[in-house]
1. Report yes if some residue within the range 27-50 is under 20 Å from Pro120 (Cα atoms), buried (at least 19 other Cβ atoms within 10 Å of the Cβ) and touching a Gly at 6+ places or on another chain (Cβ under 7 Å); otherwise report no.
2. Being modelled with pLDDT of 95 or more and closer than 20 Å to Asp16 by Cα is true for just one of Gly198, Gly238, Gly230. Which residue is that?
3. Report whether or not Asp75 is on the phi > 0 side of the Ramachandran plot and assigned by TED's automatic domain parsing to the domain that holds Leu10.
4. Show the residue pairs meeting these rules: Cβ distance below 6 Å; 6+ apart or different chains; first residue within the range 70-93 and over 16 Å from Leu7 (Cα atoms); second residue of a type in the set (Asp, Glu).
5. Take Leu227 and tell me if it is assigned to a loop (DSSP other than H, G, I, E, B), buried (at least 17 other Cβ atoms within 10 Å of the Cβ) and not assigned by TED's automatic domain parsing to the domain that holds Gly25.
6. With the requirement that a residue be in a loop (DSSP other than H, G, I, E, B) and surrounded by 12 or more Cβ atoms within 10 Å (Cβ to Cβ), what does the range 167-177 give you?
7. Applying the selection to the range 113-139, what residues are more than 14 Å from Gln158 (Cα to Cα) and in contact with a strand residue (DSSP E or B) (Cβ under 6 Å, 6 or more places away or on another chain)?
8. Modelled with pLDDT of 95 or more and within 25 Å of Phe241 (Cβ to Cβ), is that true of Tyr150?
Amino acid sequence: MRLLVELRALYNSIYDLKYHHKLQGFLYGLLKDTAYRDLHNRHGYKFFAFSNIFPPLDMHTGDVRHFLVSSPNPDLIRVFKERLESVERMFVGDMAFSIEKVSVLSPRIGRSCVLVATTPIVVRIPKANYGKYGISPPKDYPYVYWRKRYPFETFIKQLEENLFKKFKAFYGENVKHTPLFEEFVFRKQVCNHIIIKGREVKVFGSLWTFTFRNLYKDKRKIIQFGLETGFGELNSLGFGFINPITEKKNAPRN
């Protein structure tokens, strides 16, 4: 499930490209005095993701913007919705908005679908896998972010492994590890500057489009889960947010 939040700018402001930890902080603040009040302190996966505030342009007073928050946990979505509807304003750094409307969306994937990463997918390759993928970093890093200079196979394998781990952690069940991503298009590499523990760090990610055909039951369940929890790592910081692309009826085909 996911929420579509409609916002209206309260005053002129420049779009903040370093919004990640600020929007994350706002969302965690909504969970105060709820059953999820300690979610930000829990180790491991948080099982929610959020989009950027879009369109990502500088704002004038009254401009309309939106953002999405998704989770495979419907109760967490319910709590987010209730709390969003109880507050009138949202502040993300120097950007300020009134909250106009909160809508529940339940996109479901079919046997065939196209999914697009609307925020960069982050994949970290641990040191133990350097030899496996022929990676030789310039320094003895404990991990490196996948970048386009590394094999594409590395990205896909790490992405699949991450999704299977999150699926098991959420549902408590094992599924057969089979290839999930067989048709995909790399769009571009992105470097984001984010604030972690008061320090600005670089995070490398990439934008992709994924096409799935003839999804069977288990595979469809895993991809549906990924649609709501996010692909890759750092989902609760706004990375790896996934949207389905729906083809309009009677739309011209290329």
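The values are calculated or read from the model by the stated rules, or taken from the named source; none is laboratory data. Because the structure is a prediction, the values reported are computed rather than measured. Heads up, the Cβs are rebuilt from the backbone with ideal geometry, glycines too, and the neighbour counts pull from every protein chain shown.
1. Within the range 27-50, one or more residues are under 20 Å from Pro120 (Cα atoms), buried (at least 19 other Cβ atoms within 10 Å of the Cβ) and touching a Gly at 6+ places or on another chain (Cβ under 7 Å).
2. After applying the criteria, what remains is Gly238.
3. Criteria not met by Asp75.
4. Listed pairs, sorted by first residue: Ser70/Glu228; Ser71/Glu228; Pro72/Glu228.
5. So Leu227 fails the test.
6. Listed by number, the list holds a single entry, Val175.
7. Hits for the range 113-139 are Cys113, Val114, Leu115, Val116, Ala117, Thr118, Pro120, Pro137.
8. So Tyr150 does not fit the description; no.
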